[in-house]
Amino acid sequence: MQLRKVTAASAAVLALALTATACGSDKEDGGSGDGKKITIGIKIDQPGIGLKTPDGKYTGFDVDVATYVAKELGYKAEDIVFKETKSADRETAIERGDVKFIAASYSINDERLQKVDFAGPYLLAHQDILVRADDDSIKSPADLNNKKLCSVAGSTSAKNVKDKLAPKADLQTYGGYSECLTGLENKVIDALTTDDSILAGYASQQNFQGKFKLAGFKMTNENYGIGLKKGDADLKKKINDALTKMVSDGSWDKAVKDNFGPANYKNEPAPKIGNIVK
């Protein structure tokens, strides 16, 4: 009887130990790749860039880049926890340690470099417009004058066009890019503007393939980088090494084709990794 009590107690202690070990395995390991989790910030509502599908999976160019980098840091796909990071929250998420790094159409600029560091850049995008495939009336940004131009609330892209390139453009502000696309398809608006990579991602969706085209105006340069905590030189080097390998082994080109190919996106060659430009 006494033996049975001791055995039961020992089993309880063992169970508690195993539980503690299991809980500990969900913590991040800071890049040592010993099987623990890593949390990566992405967009979850941008097709071709970062999208969470109805079945809970994640797709897009940034997702492919982040997954490749995590693998080079020692993590398996199942060790990655993707976390939505909206544009306005990216620096805060990094500074607070909510994420290890962010790959989310994150353009490098001086203001952001005051708060976070960047690895990369890993993609050079440009502000462009998307129009209907059968519309040949817009041959330059100036042709947007008196045209209905759509972008999302809070976007600087449409303001850039109206302030500098086509002051008479009829700016239409919608809640999301999907709404702009619907308006474009239904001829309620004439053009949609934001980064060409984002536009290509939307146009590559199966239900939109062949309906739209990129104008190819290249109105700005947007160097996408991977954001990480300021001063973490070791992690920055590891990510840059991973990005360099992704380019050299052909995985970068494959990711571009897989995510943007159906839109006939004429992407720039992979930028020089580690050359931070604005």
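The values are calculated or read from the model by the stated rules, or taken from the named source; none is laboratory data. Fair warning: this is a prediction, and the values are worked out from it, not measured in the lab. Here the Cβ is made from the backbone with ideal geometry for all residues, glycine too, and neighbour counts use every protein chain on show. SASA here: full protein model, heavy atoms, side chains in, ligands and nucleic acids out. Shrake-Rupley method; radii C 1.70, N 1.55, O 1.52, S 1.80 Å.
Close amide-amide hydrogen proximity is noted between LYS37 and LYS27, GLU28, ASP29, each under 5 Å apart and 5 or more residues distant or on a separate chain (H modeled in the peptide plane; Pro and chain starts excluded). Here the range 131-159 and the range 198-251 have alpha carbon centers that stand 23 Å from each other. Think of a 1.4 Å ball rolled over the protein heavy atoms: the chain then has 50 Å² of accessible area per residue. Between LYS159 and ILE276, the distance separating the two model label sites (each 7 Å from Cα on the Cα→Cβ line) works out to 2.5 nm. Note on LYS37: lysines with a C-alpha under 18 Å away, same-chain residues under 8 apart excluded, are LYS27, LYS57, LYS71, LYS76, LYS83, LYS100, LYS229, LYS238. Remark: the THR92-GLN206 segment gains 37.6 nm on full extension, using 0.36 nm per residue and subtracting the alpha carbon distance.
Could you grab the relative contact order for the chain? Cα pairs under 8 Å, six or more apart, rounded to a whole percent.
Working: 536 pairs, mean separation 68.0, N = 278.
Once divided by the residue count of the chain, the mean separation gives 24 percent.
Using every pair of distinct Cα positions in the chain, the Kirkwood expression returns a hydrodynamic radius of 20.4 angstrom. The local environment of PRO167, defined by Cβ-Cβ distances under 14 Å, has a net charge of +2 under the rule Lys, Arg +1 and Asp, Glu -1. Can you give the local net charge around CYS180? Use residues other than it whose beta-carbon is closer than 12 angstrom to its beta-carbon, Lys and Arg +1, Asp and Glu -1. With Lys, Arg at +1 and Asp, Glu at -1, the net is -2. All other residues with a Cβ under 14 Å from the Cβ of ALA133 taken together, and with Lys, Arg as +1 and Asp, Glu as -1, what is their net charge? Around ALA133, the charge tally is -1.
Return the subset of LYS86/LYS159; LYS168/LYS213; LYS52/LYS115 for which the Cα-Cα distance in this structure is over 25 Å, preserving the input order. Don't skip to the answer; put the middle values down first.
Values: LYS86/LYS159 20 Å; LYS168/LYS213 23 Å; LYS52/LYS115 28 Å.
LYS52/LYS115, as the Cα separations exceed 25 Å there.
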